[in-house]
């Protein structure tokens with residue numbers, strides 16, 4: 001009887017020890033997605049299996065794998081959402097891990113809260129005609145040609161659209177941003193205004209159309225643009241519901257030229273330019 005108790009006690013100790021060891025290991029690897037663990041046999045889960053689940057997603061990038069795991073664990077989101085967010089760099093705080101905009105990408109250069117233009121950057125500009133813009137405003141040459149096509153097509157459909165703000169220099173953006181900061185504080189200003197060097201308007205590819213009022217989202221002109229702008233190479237740059245990715249409030253008036261093929265893809269797949277750039281441009285170097 002005494003021998004049996006000793007054996008039983010040793011067995012208990014071994015079982016408890018195994019359980020403690022298992023939960024320590026699981027805790028150390030708590031970045032593993034919970035849904036990948038099989039309740040019936042949790043010990044069969046491997047890191048290879050976890051990676052396989054991530055790699056099935058459409059916009060998976062091998063070099064971002066560790067960041068996907070960390071983001072998913074910290075924010076308790078789906079694998080798809082973790083990939084979407086990390087590919088957009090929002091696992092970093094805005095205005096951190098900033099790099100210079102890669103100007104070699106031409107019309108597909110990315111300027112946002114992680115990619116910055118120099119103070120001296122000026123694109124290939126032309127002055128816009130009065131039929132397409134407020135007097136004297138400028139836009140990047142290729143973007144303007146397509147903008148004119150878009151305005152003319154809208155006119156044929158019975159809509160009048162025109163540019164009210166396109167290219168802005170670093171200095172102009174600096175003045176605008178500082179005025180907003182003075183009025184609303186930096187935290188609030190950062191939700192709707194770019195810091196100098198981080199504004200798409202400095203690229204010459206962006207256009208604010210008709211108004212910068214939120215009410216524009218309820219107009220027939222906005223609906224036409226939302227449904228047709230991609231046909232002319234423009235995208236709604238800061239869409240509703242994607243504020244956490246773009247870093248800006250929904251701007252129904254702000255359109256960005258990216259070319260016909262890219263605009264069509266972004267429109268049809270309902271993704272942001274950040275997501276497109278990371279997977280199709282930066283990842284394909």
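The values are calculated or read from the model by the stated rules, or taken from the named source; none is laboratory data. What you see is a predicted model, and the numbers here were worked out from it, not measured in a lab. FYI the Cβ positions are ideal-geometry reconstructions off the backbone, even for glycines, and counts take in every protein chain you see.
Return the total of residues in the stretch 74-95 being surrounded by 15 or more Cβ atoms within 10 Å (Cβ to Cβ) and touching a residue at least 40 places away in the same chain (Cβ under 8 Å).
Total satisfying the criteria: 8.
Here are the criteria: (1) assigned to a helix (DSSP H, G or I); (2) farther than 22 Å from residue 91 by Cβ. Tell me which single one residue 283 does not satisfy.
Going through (1) assigned to a helix (DSSP H, G or I); (2) farther than 22 Å from residue 91 by Cβ one by one, residue 283 breaks only (2).
Can you tell me which residue in the stretch 118-140 is surrounded by the fewest Cβ atoms within 10 Å (Cβ to Cβ), limited to those that are touching a strand residue (DSSP E or B) at 6+ places or on another chain (Cβ under 7 Å) and without any contact (Cβ under 8 Å) to a residue 24 or more places away in the chain?
Only one residue fits best here, namely 136.
Scanning the stretch 249-268 for residues that are part of a helix (DSSP H, G or I) and in contact with a helix residue (DSSP H, G or I) (Cβ under 9 Å, 6 or more places away or on another chain), which turns out surrounded by the fewest Cβ atoms within 10 Å (Cβ to Cβ)?
Going through the qualifying residues, I end up with 268.
Within the stretch 205-218, does at least one residue satisfy the condition of being in contact with a helix residue (DSSP H, G or I) (Cβ under 7 Å, 6 or more places away or on another chain), in a loop (DSSP other than H, G, I, E, B), over 28 Å from residue 129 (Cβ atoms) and assigned by TED's automatic domain parsing to the domain that holds residue 130?
No, there is no match, as no residue in the stretch 205-218 is in contact with a helix residue (DSSP H, G or I) (Cβ under 7 Å, 6 or more places away or on another chain), in a loop (DSSP other than H, G, I, E, B), over 28 Å from residue 129 (Cβ atoms) and assigned by TED's automatic domain parsing to the domain that holds residue 130.
Answer yes or no as to whether residue 164 is surrounded by fewer than 20 Cβ atoms within 10 Å (Cβ to Cβ) and touching a strand residue (DSSP E or B) at 6+ places or on another chain (Cβ under 8 Å).
When the stated conditions are applied, residue 164 passes them.
Name the helices (runs of 4 or more DSSP H) wholly within the stretch 62-180 that hold at least 3 residues that are in the same structural domain as residue 277 (by TED's automatic domain parsing) and out of contact with any helix residue (DSSP H, G or I) (no Cβ under 9 Å at 6 or more places or on another chain)?
In the stretch 62-180, the matching helices (runs of 4 or more DSSP H) lie at 141-156.
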